[in-house]
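Below is one structure, written out as structure tokens, with a few remarks after it.
The values are calculated or read from the model by the stated rules, or taken from the named source; none is laboratory data. The model shown is predicted, which means the values in this text are computed figures rather than measured ones. Neighbour counts are summed over all protein chains in view; Cβ atoms, including those assigned to glycine, are modelled from backbone coordinates with ideal geometry. Areas reflect the complete protein model, heavy atoms only, side chains present, ligands, DNA and RNA absent. Shrake-Rupley method; radii C 1.70, N 1.55, O 1.52, S 1.80 Å.
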Amino acid sequence: MGGFQPPPVCFQVSPPSPTQFWQTENVLNSKLPIFGIQIAHTVGLLMGPYLLGSFPSVFNLVYPVNGILNVEVLCNIGVIYYSFLSGLEMNLDTILCVKKKAASIAVAGIIFPTVMAPAFYALHRKFYVGTGIYSLEDSTNNAYLLWTLVLTVTGFPVLAHTLSELKLLYTGLGKAALTAAMISDTYSWILFTLLVPFSIIGQRAVYSVLSATLFIVFCIIVLRPIVVRFIDRKTDKDEWDYDQLLFVVMGVFACSYITDILGTHGIVGAFVFGLILPHGRFADLVMSISDDFASGFLAPLFFGGSGLRLALPIIFKQAHWPLTLLVVLLLCVPKILSTLFATSFFGMRTQDGLALGLLLNTKGAMALIILNIAWDRSIISGATYSVITSGVLLMTIVVSPIIDIIYKPRKRFEQIKLKTIQKLRIDAELRVLACVHNTRHATGMIRIVESFNATRLSPIYVCALQLVELTERGAALFPAYMQKSSGQSGAQNLTRTQAELESITNTFEAFGQSYDAVRVETSNVVSDYATIHEDIYNSAKEKGTSLILLPFHKHLSSVGVLETTSIVYKDINQKVMQGAPCSVGIFVDRDLGSLLKMKLHIVMIFVGGPDDREALAIAWRMTGHPGIKLSIVRILLFDDAAEIDTSVHEEAKEILSAVMDSDKQKDLDDEYVSAFRLRAVPNEDSISYSEIDVHRGEDIPEVLREVDKTGCDLYIVGQGNCRNSQVFSTLLEWSDCSELGVIGDILASNDFGSRSSLLVVQQYGYGGMDFGKHHNHMATNNDGFGTPLV
């Protein structure tokens, strides 16, 4: 047969003594050390025959002839178990209930590559002029088939991870791409099961396909109900242990072995076995135990083995290499064209259609599995393998940077009007993004939101966003069950995250049903905690919210003091406040009561600055509720307490600017407080206003203690950014929780002894606080005056 194929390699095995335990030499002494070196140097492409592999001494040291088989075996084990996990995370209920739009995009993404791929393969054969060991394969029919199949697939797990990294997982584009990728991935498995046998054994594959189909039907109809009933019973009783889970692994390889004997590939059986197992808590358990070993150890060996076969210099060792590179680029076109064609029928913009097409071009393990089958069966030559593998790598690598250029900046930096409560019209809908980690947070958020006084004139929209930490395959697993199907029931079918989300959803839906003027929506975001604040930004922009509510990182203990829930929550809150696209509130819940059962006494402490004005705007809105009594306490600073902080201003002009800006902020404070006293206080017996003079900074804690003696259910204060006060700047340096500001930190302290809940507000438009330096900062124009950031 023409074309370069790796020659068969033989090595001699001599049993030293048939009576010993090891029939060959002791593998612990001879094979294990080499195998350890191979695992440590699994760099695939770098160890290929044209890079580090060009140094025979290096290559033979790491990959001796009699040691390559060990890597190949483990690579196959890795891809089998990877396929099992792919089936385990696939939710057929979600796929069967998809909308017409996503299904149309997925189908178009299969039809276009199927039609165009043979033409590209013909171009490849026409342009490539390698000879000898660099020549192409003689038989083309099977090569056509596998070439086409590679271009049709979309790597669903890889795409989910990419969307998570780009912070697009829960945007409209991300959801459309993810749903279409799920459908495309399902079709890819079907095509793989039906077509690959024909490329391996020819016409006799009809019997293999029929046998494999019957086996799959048997697994779904007969085996699945038995397995699900058994597993659900043990999962519900928490009876699983590591020894029992070993039977699951045995089932993976048993099904894989059966489909391999039937003439299809072993990964089909592994995928089907994962598909028939119950999802929810059991799937979460299996993945949490095996994910590190499978995804962190076995799968990299498989991908590294693929890199060993990739020989990029082959492309450049023939005369028409520029035309071959053109073919590599053209391989990226079919999916993009098909997506643009499909999205145009649904009125999507060309820019969004292009981004969606790039995302669906992402390839994963399935494409490499097909290519490795083609290599192992000598269906394609080394040159063809290198060309199409280069195309697969190019499609996947370029997605993130191009999407970042053409899509994300428009979303990230699109500026709209100020999103604040103070600037909100009285007849406008108040839109709130309530971020929660658990059901306890949800209950607290409802207590604070219901005090916002929803009316038909000014209704409230609440988007409850559950924040979930991303763990490895969670990016692919969680979107598959973003919406629980109606057919799924029973607590044993839910993972811990799903059960928490269901509880949160039920809590907020009950709240929405209690008030006619309240609309409620619940969703979740799975992301790395280090960057989850970006997902919160995107959700707030997409929902058009005026306020982001965050839970404090401490909770009320059984003895009545605040204890740390998670210090990571504090980091999230600080990052959100640094760049939020609207106003932000941090809620410190000390078991705030419900307005449905009791009346609330709220105290708003006003010192000055944009944050305090926003806090007053929220308190003002609450006064319309008949169950709320509001007390406004304004702290007026005099003498030393009124000294302006000029420590961050070095030049004389900047110092003068700080003084002038302080006067300007004071004028805005007086204007807003006067409007409140004129329009709200005289008309409501439930509203009171008082002023307290403070002449020294050390008097502030004592003043707060006097205020606290009157008792209240909830404090509302501003975070205090942009006050330009020397006293507050000094006190802030001693604060334990700088995100709460000076007043908030004192009221939330266990040493202060308050039993009241607390809402700390930061107004959008004046820059977030620099938590690293604890200094006030504000954008300034050329004249030195503070200006809102818009």
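What to note about this one:
- Residue check, I133 part of a helix (DSSP H, G or I), modelled with pLDDT under 80, farther than 30 Å from A530 by Cα and β-branched (V, I, T): yes
- Selection within the stretch 316-353 - more than 22 Å from S188 (Cβ to Cβ) and surrounded by 20 or more Cβ atoms within 10 Å (Cβ to Cβ): T324, V327, M348
- Exclusive hit being among the hydrophobic types (A, V, I, L, M, F, W, C) and either over 30 Å from A283 (Cβ atoms) or buried (at least 18 other Cβ atoms within 10 Å of the Cβ) (or both), set A517, A530, A510, A499: A517
- Leading residue by the ranking (nearest to G744 (Cα to Cα)) among those in the stretch 563-603 that are open to solvent by 40 Å² or more (accessible area, probe 1.4 Å) and basic (K, R): K575
- Residue within the stretch 609-622 that is open to solvent by 30 Å² or more (accessible area, probe 1.4 Å), out of contact with any Cys (no Cβ under 6 Å at 6 or more places or on another chain), more than 28 Å from V694 (Cβ to Cβ) and not hydroxyl-bearing (S, T, Y) present: no
- Within the stretch 621-642, the set of residues being within 22 Å of T710 (Cα to Cα) and either small (G, A, S) or in contact with a Leu (Cβ under 8 Å, 6 or more places away or on another chain) (or both) comprises M622, T623, H625, G627, I628, K629, S631, I632.
- With a requirement of 2 or more residues that are closer than 20 Å to G78 by Cβ, among the hydroxyl-bearing types (S, T, Y) and open to solvent by less than 70 Å² (accessible area, probe 1.4 Å), the helices (runs of 4 or more DSSP H) lying completely within the stretch 189-301 that satisfy it span 242-261.
- Test: residue in the stretch 163-175 that is among the β-branched types (V, I, T) and part of a helix (DSSP H, G or I): no
- L759 being over 32 Å from the mean Cα position of the chain (by Cα), buried (at least 22 other Cβ atoms within 10 Å of the Cβ) and either modelled with pLDDT of 90 or more or within 24 Å of K554 (Cβ to Cβ) (or both): no
- When the stretch 503-526 is filtered for residues that are modelled with pLDDT of 85 or more and in contact with a Leu (Cβ under 8 Å, 6 or more places away or on another chain), the ones remaining, listed by number, are S514, T522, S523, N524, V525.
- Flag if S378 is surrounded by fewer than 23 Cβ atoms within 10 Å (Cβ to Cβ) and polar (S, T, N, Q): yes
- Any hit, the stretch 644-664, residues being at pLDDT 80 or above, on the phi > 0 side of the Ramachandran plot and outside any loop (DSSP other than H, G, I, E, B): no
- Counting only helices (runs of 4 or more DSSP H) that fall entirely inside the stretch 525-635 and contain at least 2 residues that are hydroxyl-bearing (S, T, Y), the qualifying elements are 532-543.
Yes/no per residue for (1) more than 30 Å from G87 (Cα to Cα); (2) open to solvent by less than 10 Å² (accessible area, probe 1.4 Å); (3) touching a residue at least 60 places away in the same chain (Cβ under 8 Å):
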{"residue": "Y121", "(1), (2), (3)": "yes, yes, no"}
{"residue": "Y128", "(1), (2), (3)": "yes, no, yes"}
{"residue": "N142", "(1), (2), (3)": "no, no, yes"}
{"residue": "G155", "(1), (2), (3)": "no, yes, yes"}
{"residue": "V158", "(1), (2), (3)": "no, no, yes"}
{"residue": "H161", "(1), (2), (3)": "no, no, yes"}
{"residue": "L168", "(1), (2), (3)": "no, yes, yes"}
{"residue": "G172", "(1), (2), (3)": "no, no, yes"}
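- The stretch 730-750: number of residues that are in a helix (DSSP H, G or I), of a type in the set (S, T, N, Q) and surrounded by fewer than 21 Cβ atoms within 10 Å (Cβ to Cβ): 1
- For T179, the stated conditions do not hold, so it cannot be described as of a type in the set (S, T, N, Q), in contact with a Leu (Cβ under 9 Å, 6 or more places away or on another chain) and open to solvent by 10 Å² or more (accessible area, probe 1.4 Å).
- Here Q483 meets each of (1) outside any helix (DSSP H, G or I); (2) at pLDDT 90 or above with one exception, condition (2).
Matching residues to (1) modelled with pLDDT of 90 or more; (2) over 15 Å from L758 (Cα atoms):
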site	(1), (2)
C582	yes, yes
I586	yes, no
L600	yes, no
V603	yes, no
F606	yes, no
D611	yes, no
R621	yes, yes
G624	no, yes
L636	yes, yes
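- Restricting attention to the stretch 679-701, the residues that are of a type in the set (A, V, I, L, M, F, W, C) and surrounded by fewer than 12 Cβ atoms within 10 Å (Cβ to Cβ) add up to 0.
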